[in-house]
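The values are calculated or read from the model by the stated rules, or taken from the named source; none is laboratory data. From a predicted model like this one, the values you see are computed outputs, not experimental measurements. Note that we place each Cβ from the backbone using ideal geometry, even for glycine, and neighbour counts take in every protein chain shown.
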Amino acid sequence: MKAAAGDRWVKVWDRPTRLFHWLLVLLVVGGIVTGFVAPEWWMGVHVWAGYGLVALMGFRLVWGIFGFEYSRVVSFVYPPRDTLEHLKGLLLLRPPHHVGHNPTGALMVFALTGVLLGLVVTGLLVLGGEEKQGPLAAVVGYSVGALAKRAHFWLTMLLLAMVAGHIAGVVAESLLTHDNLVRGIVTGWKKLPPGTPVPSPRSARPVLAAALLAVLAVAAGVTLHGLSRLPPPPSLRVLARNVTYQKECGACHYAFNPSLLPASSWAALMSTLREHFGEDASLDGATTRDLASWLVSNAAETFDTESANRLRVVAADDPYRISSAPYWLRKHASVPPEVFARKGVRTRVNCHACHRDAESGRYDDQAIAIPKE
Amino acid sequence: MRLSHAIAVTIAVLGLLAGSTSSADPRRDAILAELLAQAKKEEPGFARFAADRGAAFYRATHQGGKAGTASCTSCHGPSPLDKGKTRAGKDIEPMAVSRNPARYTDKADVEKWFTRNCQDVLGRACTAREKGDFITSMMGQ
């Protein structure tokens, strides 16, 4: 390596830490792209980016204890005095040199860790509460999930700002110290001016790290297994097929899961079957009563799925039509009319044409498959 | 005993009329026999159902009903031999007995659909003669 006279090259970032950094970049970019840009049915990829983040942070935590000197958390916990010193140096455009993370960079590391941890936690809450998927599906209610979604969004905004700050910091530090920090995190080597104190580094303890990682992995596995065995609450029950409902209502239109309309809509709709969306759909008294009571007792208010929570709010001027509900319209606004006219879809009320899990009433993002024709 | 005798004769006559092309079903025959008795009560001197009248009724554009469903063909399609389609996009099995032997064998079902669809297409209930003609026509196709 070419160096100015007296410059010292020091191996700072070991291979696992470099790999961690770039995998983290990959997962964060992947999470942002699948969260903001990709269509709904890519949610599975977004969730796996989240799980990847958990694994990666678990590893980094362990490597922060047993890794090579500069990967260890204790090596970049600075007293406030050093941090102030470094910040002052930055303002004067001559920041003091540090072998590993400098104090300002260390602050960013801790802040990023906190925000990423927050993103993982809120992500799991959204996944369990709103989507009714993942380890917390049986535990977290929809309202908590909805709240977590807002936090997840604002934490992402914060993360984007911090990523911008991180990149700006790297560029600034690189220019001011004449040491390309990006090259450092690629090759592992940093260039230090003569006279910079380099402590004798503690070497990595990979066996201990692997052992602790294995313990953590087993603990995580046991926890996940336990959570996955929790019985779903009644608000996530799976309705048995109602033969009468399928025969009578399903004769003319797709037999919607009862959780897609509130009880008031079902009751009113079942008492006006003679004028049912422009057609006479009258039934004998006993059948009407049976179906009405089944529909009302399984109406949107009795379920905690995302669709049941959202479709409880009906259009004031069209309260029986699921496809007039504000949420329905919002979610389908980006679907061109041509899609609804396709042979495999035919009408807006053929839910199961695109939602493979329509009968269950769940309407998972990953279960969307729009027919090509 | 005379009424049941008359019904039996009617069934036999209808069987001769329709049995050549359609699979006979005692439940359907009973439905038709009941409609015939009713038609005779509604129209003194009425003799028997006619397939051609039923076929014309199926194709006709009627008045008094809803604009979107002025004819049986609006949903059932031009030919009773083929599947139709509801306005909500569901298939309707063919109306012709030859294509769908289960047709007109469940009395409650037959009543339910005549009640609904006559209201939508004609704006009134169908007469026993219209219903009988219709079923007779579908048995011959």
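So is B:Gln119 polar (S, T, N, Q), in contact (Cβ under 8 Å) with a residue 40 or more places away in the chain, crowded, with 16+ Cβ neighbours inside 10 Å and more than 13 Å from every other protein chain (Cβ to nearest Cβ) or not?
In short, no.
Under 7 Å between Cβ atoms, at least 6 apart or on separate chains: pull out the pairs that start in region A:216-242 with a residue that is farther than 29 Å from A:Met57 by Cβ and end on any residue that is assigned to a helix (DSSP H, G or I) and not aromatic (Phe, Trp, Tyr).
A:Ser235/A:Thr302; A:Val238/A:Ser360
For the subset of region A:340-373 comprising residues that are within 14 Å of chain B (Cβ to nearest Cβ) and in contact with a Cys (Cβ under 8 Å, 6 or more places away or on another chain), which member is surrounded by the fewest Cβ atoms within 10 Å (Cβ to Cβ)?
A:Pro371
Considering (1) at positive phi; (2) touching a residue at least 24 places away in the same chain (Cβ under 8 Å), say which one A:Gly278 fails and leave the rest.
Of (1) at positive phi; (2) touching a residue at least 24 places away in the same chain (Cβ under 8 Å), only one is false for A:Gly278: (2).
All but one of (1) buried (at least 18 other Cβ atoms within 10 Å of the Cβ); (2) within 14 Å of chain B (Cβ to nearest Cβ) hold for A:Asn309; state the number of the condition that does not hold.
Failed condition: (2).
Among the residues of region B:71-83 satisfying the criterion of being more than 13 Å from every other protein chain (Cβ to nearest Cβ) and not charged (D, E, K, R), which is farthest from A:Glu275 (Cα to Cα)?
Here the answer is B:Leu81.
Being buried (at least 17 other Cβ atoms within 10 Å of the Cβ) and either among the small types (Gly, Ala, Ser) or at pLDDT 95 or above (or both): is that true of A:Ala219 here?
The answer is no for A:Ala219.
Table: residues versus (1) closer than 19 Å to A:Tyr245 by Cα; (2) part of a helix (DSSP H, G or I); (3) modelled with pLDDT of 95 or more; (4) touching a Phe, Trp or Tyr at 6+ places or on another chain (Cβ under 7 Å).
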| position | (1), (2), (3), (4) |
| --- | --- |
| A:Thr287 | yes, yes, yes, no |
| A:Asp290 | yes, yes, yes, no |
| A:Leu295 | yes, yes, yes, yes |
| A:Glu301 | no, yes, yes, no |
| A:Ser307 | no, yes, yes, yes |
| A:Arg310 | no, yes, yes, yes |
| A:Gly344 | no, no, no, no |
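I'm trying to understand the selection: among the residues of region B:26-63, which are outside any helix (DSSP H, G or I) and of a type outside the set (A, V, I, L, M, F, W, C)? Before the answer, list the steps.
The first filter runs over region B:26-63 and keeps only residues outside any helix (DSSP H, G or I), leaving B:43-50, B:60-63.
Correct list: B:Glu43, B:Pro44, B:Gly45, B:Arg48, B:Thr61, B:His62, B:Gln63.
Among the residues of region A:242-286 satisfying the criterion of being polar (S, T, N, Q) and closer than 22 Å to B:Glu93 by Cβ, which is nearest to the other protein chains (Cβ to nearest Cβ)?
A:Ser282
So A:Ala316 clears everything in (1) over 19 Å from A:Leu269 (Cα atoms); (2) more than 14 Å from chain B (Cβ to nearest Cβ); (3) of a type outside the set (Asp, Glu) except one condition, right? Which one?
A:Ala316 satisfies all of (1) over 19 Å from A:Leu269 (Cα atoms); (2) more than 14 Å from chain B (Cβ to nearest Cβ); (3) of a type outside the set (Asp, Glu) except (1).
Pick out the one residue from A:Leu239, A:Leu227 that is assigned to a helix (DSSP H, G or I), more than 14 Å from chain B (Cβ to nearest Cβ), surrounded by 13 or more Cβ atoms within 10 Å (Cβ to Cβ) and out of contact with any strand residue (DSSP E or B) (no Cβ under 8 Å at 6 or more places or on another chain). Walk me through it before giving the result.
Values: A:Leu239 fails: assigned to a helix (DSSP H, G or I).
Sole residue among the options that is assigned to a helix (DSSP H, G or I), more than 14 Å from chain B (Cβ to nearest Cβ), surrounded by 13 or more Cβ atoms within 10 Å (Cβ to Cβ) and out of contact with any strand residue (DSSP E or B) (no Cβ under 8 Å at 6 or more places or on another chain): A:Leu227.
Does at least one position in region B:84-95 carry a residue that is assigned to a loop (DSSP other than H, G, I, E, B), more than 13 Å from every other protein chain (Cβ to nearest Cβ) and in contact with a Pro (Cβ under 8 Å, 6 or more places away or on another chain)?
Within region B:84-95, one or more residues are assigned to a loop (DSSP other than H, G, I, E, B), more than 13 Å from every other protein chain (Cβ to nearest Cβ) and in contact with a Pro (Cβ under 8 Å, 6 or more places away or on another chain).
Would you mention how many residues in region A:305-326 are in contact with a Leu (Cβ under 7 Å, 6 or more places away or on another chain), of a type in the set (Ser, Thr, Tyr) and over 22 Å from A:Ala137 (Cα atoms)?
Residues that pass the stated criteria total 1.
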